[in-house]
Amino acid sequence: MSNDILVITEHMDGKFSDVSFELVGKAKELASALGGQAVAVVVGGGVDANVFASDATIHIDDAALGQFNPEAYGKVIEALVKEKSPRLVMFGWTATGMDLAAWLSAKLGVPCAAYVKEIGSDLMMGCQAYGGKLMAEVAPEGDMAIAACLAGSFPAEAGQGSTAATATASPVDLGSLKVKFVEAIKPEGGDVDITSQTKLVSVGRGIGGKENIELAEELAQALDAALSCSRPVVDAGWLPRTRQVGKSGLKVKPKMYLMLGISGAPEHLEGMKSAELIIAVNTDKKAPIFNVAHYGATADLFEVAEAMLELL
Amino acid sequence: MNIVVAIKHIPSIADDLPVSGNNVDFDSVDFVLNEFDEQSIEQAVLVKEAVGGTVTVVGVDLIEELDNILHLAIAKGADKAVKVTADEPGADSHMQAKWLSEAIKGLSPDIVFAGVQASNDLDGQIGPMIAAHLDMPYIGGVSSVEVADGTATVNKEFAGGVGAKYSVSLPMVVGVQAAAKPPRYAPISKVRQVAQTATIDTVEPSGDASSGLTFKKMAPPVATGHAEMIDGSPKEVAAKIVELLKSKGLA
């Protein structure tokens, strides 16, 4: 066992995601308190790995690791973790990290905390679960733990640096994989680009049904804004995926973000929290969005939208 | 084709979540089906409709109220239902994944579906853990699945419409973000009919696993800020919002 912290970084199209730097920065702070090293782990090629402020960076490249492949990445990370016996393994609670963290936990019988937003030097973790409504403080048992951390939880600057990476071959044979990468999928074109809008009216589950989208669209037009939404609206088929704001959607930073019936789960906040003016209308007075919005109203969104239309 | 759906019955976040001690007060919350499991059930039924087979829905009965959920799943197109009778409202993902894996093993699945995540996955999601226990590959964030000749072709979403297509030799576990089509509606009359005729298989929890997490505290997050609340009738709220937007040159 060591007191090292392993950070599983993530990259796409030659660029590391912000969460990778955030985790490396936090790992440095924790490693220094624990007397270990912060080790950034870069899996896959096509990327300059010498960009972290880590104490060491391990770069594992192999033809089978060219694109994210949960099976191949899982095997490599499992072998590396077994070899290094770190005190903590950090993942992002992201599209890629979510495929690996819980899997590794079950595979190795090591505790795993998800939705992690805070980590103390005693490795107590604060997890923002239940749609952002509750914060759990949990202590992992044993000598090793896994933390899957929400993006935006730690400052990214602390993780940026120029530590020279050590290139190593894959520690496991990747010859007979069941999962094969076929091709990349690009975003559908042809719709409004919500990332370039200065004003957005955004609807959530509270909009209730496809038949009510028209009202929201009308309000958006009256405000010279575009219509966006949270994930459940897309999953229900009420708006196309091109309009989705949040972790699995798009990140937006408009001058105005008027939210109708969105409760403000952490996944949605990831996509819009830096909007300049956030106004939220929701019937649930305890909706987490009211801790983030600049202005809020506990009211029926339909009545508010109709009344606004009369005034515009 | 043996298609299995592993579901999670979780505390509803639509209402207040009272806390008792260091965890949710499970006795005084409503339990609902994890919203991603609705997508997962739909995707499983879509695969069955495309290639034939049997859809079996499996869940842990935490509070002896899972039957309604299982009946709904059958009304939406599942063929069989199995419940693990745990009667342990606070069972974590690790425990549930282990029990579900033991129950699923005997079903010889070709493909297992699970919701990509649940709001109470404090120790991670059941999908990847079931994959680890059953030694199958896992891909999450999936928004479409096609099966042919023992191979699944799945689309995984990263963010903002960017994704990747994978082909996977079955069996595998799929973490569903969204079904290829919005979940179908099951009329109440059909659910009632299912409730009178369907049998739900019952199995005892088997196997030990734990999250390895000790809960020290559970509380609403400490707000670093709070919105300035606009009070009044909907008309008054609307007027104040319009006024605010005009004052900032936004309307």
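The values are calculated or read from the model by the stated rules, or taken from the named source; none is laboratory data. Being a predicted model, the structure only gives us computed values, none of them experimental. Cβ sites come from the backbone with ideal geometry, for glycine too, and all protein chains shown count toward neighbours. Accessible surface is based on the protein model in full, side chains and every heavy atom, while ligands, DNA and RNA are left aside. Shrake-Rupley method; radii C 1.70, N 1.55, O 1.52, S 1.80 Å.
Rolling a 1.4 Å sphere over the protein heavy atoms, what is the accessible area per residue of the range A:5-168, to the nearest Å²?
32 Å²
Within the accessible surface of chain A, defined with a 1.4 Å probe on protein heavy atoms only, the carbon and sulfur portion equals 48 percent.
Surface composition of chain B: carbon plus sulfur atoms hold 46% of the accessible area, using a 1.4 angstrom probe and ignoring ligands, DNA and RNA. For peptide B:205-215, the mean count of partner chain Cβ atoms within 10 Å of a residue's Cβ comes to 5. With θ taken as phi - 60° and the Karplus curve 6.51 cos²θ - 1.76 cosθ + 1.60 applied, the whole-hertz 3J(HN,Hα) list for the range B:192-198 is 4, 5, 4, 4, 7, 10, 6 Hz, x standing for glycine and proline. The mean number of partner chain beta-carbon atoms within 10 angstrom of a residue's beta-carbon across peptide A:107-118 is 5. Leaving ligands and nucleic acids aside, the A/B contact buries around 7100 square angstrom of accessible area in total at a 1.4 Å probe radius.
Remark: chain B carries 40 Å² of accessible area per residue (probe radius 1.4 Å; ligands, DNA and RNA excluded). Ordered from highest to lowest accessible area with the whole protein assembly present and a 1.4 Å probe, A:HIS294, A:HIS11 read as A:HIS294, A:HIS11.
Only protein heavy atoms count here; on that basis, with a 1.4 Å probe, A:THR198 has an accessible area of about 80 Å².
On the principal axes of its alpha-carbon atoms, the range B:148-234 has extents of 58, 43, 41 Å, going from largest to smallest.
Peptide B:133-140: average number of partner chain Cβ atoms within 10 Å per residue?
Shielding by partners across B:133-140 averages 5.
Relative to the 2.2 N^0.38 Å rule of thumb, the protein assembly as shown has a C-alpha radius of gyration ratio of 0.95. About the centre of its Cα atoms, the range A:5-168 shows a dipole size close to 200 debye [charges on the beta carbon of Lys, Arg (+1) and Asp, Glu (-1) only; nearest 20 debye]. With heavy atoms of protein chains only and a 1.4 Å probe, what residues of the range A:175-201 have at least 20 Å² less accessible area in the full set of chains than alone? With the partner chains in place, the range A:175-201 has these residues losing at least 20 Å²: A:LYS178, A:VAL179, A:LYS180, A:PHE181, A:VAL182, A:GLU183, A:ILE185, A:PRO187, A:LYS199.
Of the Cα atoms belonging to chain B, the radius of gyration and Dmax stand at 20.8, 66 Å. Using a Gaussian network model of chain A in which every pair of alpha carbons under 10 angstrom is joined by a spring, one finds that among A:VAL172, A:VAL81, A:VAL252 the greatest mean-square fluctuation is at A:VAL172. Each peptide in B:113-123, A:236-246 gets a packing score, the mean of other Cβ atoms within 10 Å over its residues, and the list from highest to lowest is B:113-123, A:236-246. Under a Gaussian network description of chain B, with springs only between Cα atoms under 10 Å, the residue in B:VAL203, B:VAL222, B:VAL237 that fluctuates furthest is B:VAL237. What the Cβ-Cβ distance of A:MET1 and A:ALA169 gives, at R0 = 25 Å and to the nearest 0.05, is a FRET efficiency of 0.50. Taking 0.36 nm per residue of separation and subtracting the current Cα-Cα distance, fully stretching the chain between A:LYS255 and A:GLN160 would add 31.3 nm.
Rounded if a/c is under 1.5, else prolate if a/b is larger than b/c, else oblate: which is chain A, with a ≥ b ≥ c the root eigenvalues of its Cα gyration tensor? The partial results should precede the final answer.
Working: a/c = 2.38, a/b = 1.84, b/c = 1.30.
Verdict is prolate for chain A.
Restricting the GluC sites (Glu not before Pro) of the range A:257-312 to loop positions (DSSP other than H, G, I, E, B) with no more than 16 neighbouring Cβ atoms within 10 Å leaves A:GLU276.
At q = 0.08, 0.13, 0.20 Å⁻¹ the log10 of I(q)/I(0) for the range A:5-168 amounts to -0.20, -0.54, -1.38, computed by Debye summation with a single uniform scatterer per C-alpha, solvent ignored. Rounded to the nearest 10 square angstrom, B:PHE36 shows an accessible area of 10 square angstrom against a 1.4 Å probe. The mean sequence distance of close C-alpha pairs (under 8 Å, at least 6 residues apart), as a share of the length of the range B:2-203, puts its relative contact order at 26 percent. On the basis of the beta-carbon distance and an R0 of 35 Å, B:ASN68 and A:LYS178 show a calculated FRET efficiency of 0.45.
Ellipticity at 222 nm from helices only: DSSP H runs of n ≥ 4 in the protein assembly as shown, each -39500 (n - 2.57), divided by the residue count, give -8000 deg cm²/dmol.
Overall shape: prolate for the range A:168-236, with the ratio a/c of the largest to smallest alpha carbon gyration tensor axis at 1.5 or above and a/b above b/c.
For a quick protection proxy, order the peptides B:208-215, A:203-210, B:68-75 by their average other-Cβ count within 10 Å, most packed first.
B:68-75, A:203-210, B:208-215
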